[in-house]
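Asker: Got a structure for you, questions after.
The values are calculated or read from the model by the stated rules, or taken from the named source; none is laboratory data. All values derive from a computational prediction rather than experimental measurement. Cβ placement follows ideal geometry from the backbone for every residue including glycine, while neighbour counts extend to all protein chains displayed. Ligands, DNA and RNA are excluded from the accessible area calculation, which covers all protein heavy atoms including side chains. Shrake-Rupley method; radii C 1.70, N 1.55, O 1.52, S 1.80 Å.
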Amino acid sequence: MTTELSERQLEIIEAAGKVITSSGVSGLTIKNLAKEMKFSESAIYRHFTSKEEIIIAMLNFLADNIDQRLANISSSSDPEERFKALFQDQFRFFNEFPHFVVAVFSDGLVEASQRINDTFLKLMNIKMKHLMPIIMDGQQKRVFTNIITTDELTHIVMGTFKLQMFKWWMADFKFDIKRSGDNMMQAVLTLIKNK
């Protein structure tokens, strides 16, 4: 399901990403957002009722974007090629839009509200929806190990990806995430491939 946002709402989400990147989630206030956009606070409220609504819209936009992008990755029958394409696409996207990494990892955001938690869960499920069939196909074709279950392997791979993104954020985006991500992906493939 695609979240329909107006052009102005997309601009607000982008500005919110800039505020979060520079000041963290605690710095994302309607006042700071209005200042970033050179709007009045009331102009922001015409498009979103609260900070929570802005964060949820941002996360829903990210979830929908990931779902659409990953649905269009390589249709190769080779699970290893699809695995690589999935992660290369993710690293390219986050390299272009690092504020989404900040939004996902910011302290206190997960505990902020049940609605935000539910949106995070949706985001995680979308990633799993695209990764799990690739891993399952690789296991069935004996490309990937069958020593552990598809579900466990999916969680390990997702956790590794999340750690890589967290390290990049902590390094203030100073290293090449595409190159570093490719190295991480090759290391993961070395571990999960049948010998």
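Asker: Given I56, N125, S76, which one lies farthest toward the positive end of the charge dipole of the chain, if we put +1 on the Cβ of every Lys and Arg and -1 on the Cβ of every Asp and Glu?
Answerer: Sorting the options by dipole projection puts first S76.
Asker: Exposed loop sites here are GluC sites (Glu not before Pro) in DSSP loop states with at most 16 other C-beta atoms within 10 Å. What is the longest stretch of the chain lacking them?
Answerer: Working: sites that count: E4, E111.
Answer from the scan: 5-110.
Asker: Tell me the mean residue ellipticity at 222 nm calculated for the chain from its helices only (DSSP H runs of n ≥ 4, each -39500 (n - 2.57), averaged over every residue, nearest 500). Can you show the working numbers first?
Answerer: On the way: 9 runs with 140 residues, N = 195.
Only helices count here, giving -23500 deg cm²/dmol.
Asker: So, for the chain, what is the accessible surface per residue at a probe of 1.4 Å, expressed in square angstrom?
Answerer: Numbers: 10350 Å² over 195 residues.
Each residue of the chain exposes 53 Å² on average to a 1.4 Å probe.
Asker: Using a basic spin-label model with each label point 7 Å from the Cα along Cα→Cβ, how many nm lie between E81 and M170?
Answerer: For the pair E81/M170, the computed spacing is 3.7 nm.
Asker: Mean projection of the alpha-carbon convex hull of segment 1-67 over all orientations, in nm²? Intermediate results must be reported in sequence, preceding the final value.
Answerer: Numbers: hull surface 16.9 nm².
Quarter of the Cα hull surface area: 4.2 nm².
Asker: Further, regarding this structure: May I ask you to rank T49, T21 by accessible area, largest first, using a 1.4 Å probe over the protein chains only?
Answerer: On the way: T49 105, T21 65 Å².
Largest accessible area first, the list is T49, T21.
Asker: What is the sum of charges around I73, taking Lys and Arg as +1, Asp and Glu as -1, for the other residues whose C-beta is under 14 Å from the C-beta of I73?
Answerer: Working: positive: R69, R82, K84, R92, K127, K129; negative: D67, D78, E80, E81, D89, D137.
Net of charged neighbours comes to 0.
Asker: Over the chain, one equal point on each Cα, no solvent: what is log10 I(q)/I(0) by the Debye formula at q = 0.08, 0.14, 0.15 Å⁻¹?
Answerer: -0.30, -0.83, -0.93
Asker: Pairs of Cα atoms under 8 Å, at least six residues apart: use those to get the relative contact order of segment 55-195, whole percent.
Answerer: Numbers: 107 pairs, mean separation 43.8, N = 141.
For segment 55-195, the relative contact order is 31 percent.
Asker: Going 7 Å from the Cα of S22 along its beta-carbon direction, which residues of segment 162-179 have the amide nitrogen within less than 18 Å of the resulting point?
Answerer: Counting only backbone N, you get 172-173.
Asker: How many percent of the accessible area of segment 86-195 is carbon or sulfur, using a 1.4 Å probe?
Answerer: On the way: 3460 of 5940 Å².
Here it works out to 58 percent.
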